[in-house]
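All remarks here apply to the structure that follows.
The values are calculated or read from the model by the stated rules, or taken from the named source; none is laboratory data. These figures come from a predicted structure and were not determined experimentally. When we count neighbours, we look across all protein chains shown, and the Cβ atoms used for this are built from the backbone with ideal geometry, even at glycine.
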Amino acid sequence: MAASSHSAGPALAEVWPLTPMQEGMLFDSARTSRAVPGAAPDVYVIQQSQLIDGALDAALLRVSWQALLSRHAALRACFHRGKSGTPAQLILRDAELPWSERDLSGLPEEAARAEVAALAEKERSAGFDLEVPPLLRLLLIKLAEDRHILVTTGHHLLMDGWSKGVLQAELRAVYEAGGDAAALAPAVSFREYLAWLGRQDKEAARAAWRAELAGLDSSGSAVGGLDEWPRMEPPAQAEVRLTAERTAALTELSRAGGLTLNTLVQGAWALVLARLSGRTDVVFGTAVSGRPPELPGVERMVGMFVTTVPVRVRLRGELPFLELLTELQERQQALSPHHHLGLAEIQRLTGVTIDTLVVFENYAGMKEGQAPAGSPAFSLLDVDQATPYPLTLTVLPGASLEFQVQYRPAAIDDSVARGALDELVRVLEHLVTDPRTPVGRVEAMIAPDDGAESRAAGPASVVELVEGRVGRAPGAVAVSWRGGSLSYGDLWGRAGRLAGVLAARGVSRGVGSRW
């Protein structure tokens, strides 16, 4: 390994390999290093804010968090490359928790709210030096004697969303025990998962993914152009929340059909992408937990398990939507033993391009129930995170499903991103109304609202239809042939140039050519 203050000293406990997901994240993060002039902020820096109501012992909270840092080796990791260029994570025996406090109790409510936002943004934009652990910082903000906000900023290389739930439950137990982690069962190390990864049959996984993605034409982009890395501007976001009634109806539909809500959303999103791209065979990425159920204690481990895998959906117009969803779920279940391979290798093997991501989030462990009498109550206020993809759909489950789309304005127009979110909701509404509606009919029923006026006046011409598609998704494939393809934007441009040539030769509407 490269020499550093940590690699040779007694503080170094272990050297671990990286998971495939960590390798990809480390590569991306290196290109957003603060040492690179003009680089964008690291997209994998994640921040969450929690409201703490009730009497709080701030010193005890700090001690309790320090106990968790000492308990879980994965939280003490830093990331280095050896002389060969091979990355590894170095685990320190001990690390001091970066902790700071601010007292805003003397400010008016509006001023305090603004200062909280400014402090949180400062923490997030500071980023991390990946060679200096721990890649985690906590800021406790006092609003009143019985009201605080805890801002936790960390790098995604350390842990996933499930791990945050594990830590929250343990924090409560350690705090109630006066800061003593001995009250908990012995921790199960993330190292056990890394050993499990090394035992997996990678050749079988490669064969499974080749078969799943065989014959897929992945030329071009599903959403109108891949974003260039890095971008200085942060992603834009739009969101919509379903009513409790609609959420309950979707939940009942999934139960009746033996499906998950995740499958329902993936199938609906595939139809939206088909309209954006002009394809009937679409592929997108989805985040999966990556936690193998056969690994003892995996549900209590803290680390970066989540990974991204491709989801392929073949849309056949005559197929009932419910059957499409059933097929989709069966294929995903068959592929689940092969999730360990990692997206980067899958893409290298198959040549498939992934430029949109679906994340079915789960912060259930962060939402506490009734706090013990006399103890502070923690509630999740906000999670600030992003992905490197031009378009990301995030699903937040609950009594009312919430959908968020994050998109890069340099790659995707606001109208396209927000229109995709609206179409997703319309697909799900039609799915509840009649889940056996043929796929082709559902697509016809969710035509974008921006074409309502022209359809009311009469059928649109081919020119009007193409022009509308150019406005919504200029990068979508309009024409394809063996060995090539043409986007709607290029087709429109070529048609315009041809029209100019014809006009110069005296050809106009209603005038025949003498050629």
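A compact table of results
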read-out: Qualifying strands (runs of 3 or more DSSP E) (wholly inside segment 373-439; at least 1 residues being surrounded by fewer than 17 Cβ atoms within 10 Å (Cβ to Cβ)); value: 377-384, 402-407
read-out: Residues that are more than 13 Å from residue 139 (Cα to Cα), outside any loop (DSSP other than H, G, I, E, B) and out of contact with any helix residue (DSSP H, G or I) (no Cβ under 9 Å at 6 or more places or on another chain), drawn from segment 39-59; value: 53
read-out: Residue list for segment 277-312, filter: in a helix (DSSP H, G or I) and touching a Gly at 6+ places or on another chain (Cβ under 8 Å); value: 277
read-out: Search result, residues across segment 351-363 that are surrounded by fewer than 19 Cβ atoms within 10 Å (Cβ to Cβ) and either under 13 Å from the mean Cα position of the chain (by Cα) or more than 21 Å from residue 406 (Cβ to Cβ) (or both); value: 351, 361, 362
read-out: Residue check, residue 163 in a helix (DSSP H, G or I), surrounded by 15 or more Cβ atoms within 10 Å (Cβ to Cβ) and touching a residue at least 12 places away in the same chain (Cβ under 8 Å); value: yes
read-out: Failed condition for residue 100, given (1) modelled with pLDDT of 95 or more; (2) surrounded by 14 or more Cβ atoms within 10 Å (Cβ to Cβ); (3) in contact with a Leu (Cβ under 8 Å, 6 or more places away or on another chain); value: (2)
read-out: Residue check, residue 89 surrounded by fewer than 21 Cβ atoms within 10 Å (Cβ to Cβ) and of a type in the set (S, T, N, Q); value: no
read-out: Unique match (being modelled with pLDDT of 95 or more, loosely packed, with under 13 Cβ neighbours inside 10 Å, within 16 Å of residue 283 (Cβ to Cβ) and not small (Gly, Ala, Ser)) among 199, 210; value: 210
read-out: Some residue of segment 326-343 being among the hydroxyl-bearing types (Ser, Thr, Tyr) and part of a helix (DSSP H, G or I); value: yes
read-out: Given (1) farther than 22 Å from residue 280 by Cβ; (2) touching a residue at least 40 places away in the same chain (Cβ under 8 Å), index of the condition residue 437 fails; value: (1)
read-out: Matching residues, segment 104-125, being surrounded by 14 or more Cβ atoms within 10 Å (Cβ to Cβ) and outside any helix (DSSP H, G or I); value: 104, 107
read-out: Test result for residue 174, in contact (Cβ under 8 Å) with a residue 40 or more places away in the chain, closer than 26 Å to residue 110 by Cβ and surrounded by 20 or more Cβ atoms within 10 Å (Cβ to Cβ); value: no
read-out: Filter pass, residue 316 being under 30 Å from residue 415 (Cβ atoms), of a type in the set (D, E, K, R) and crowded, with 18+ Cβ neighbours inside 10 Å; value: no
read-out: Qualifying residue in segment 277-289 (condition: within 30 Å of residue 67 (Cβ to Cβ) and touching a residue at least 12 places away in the same chain (Cβ under 8 Å)); value: yes
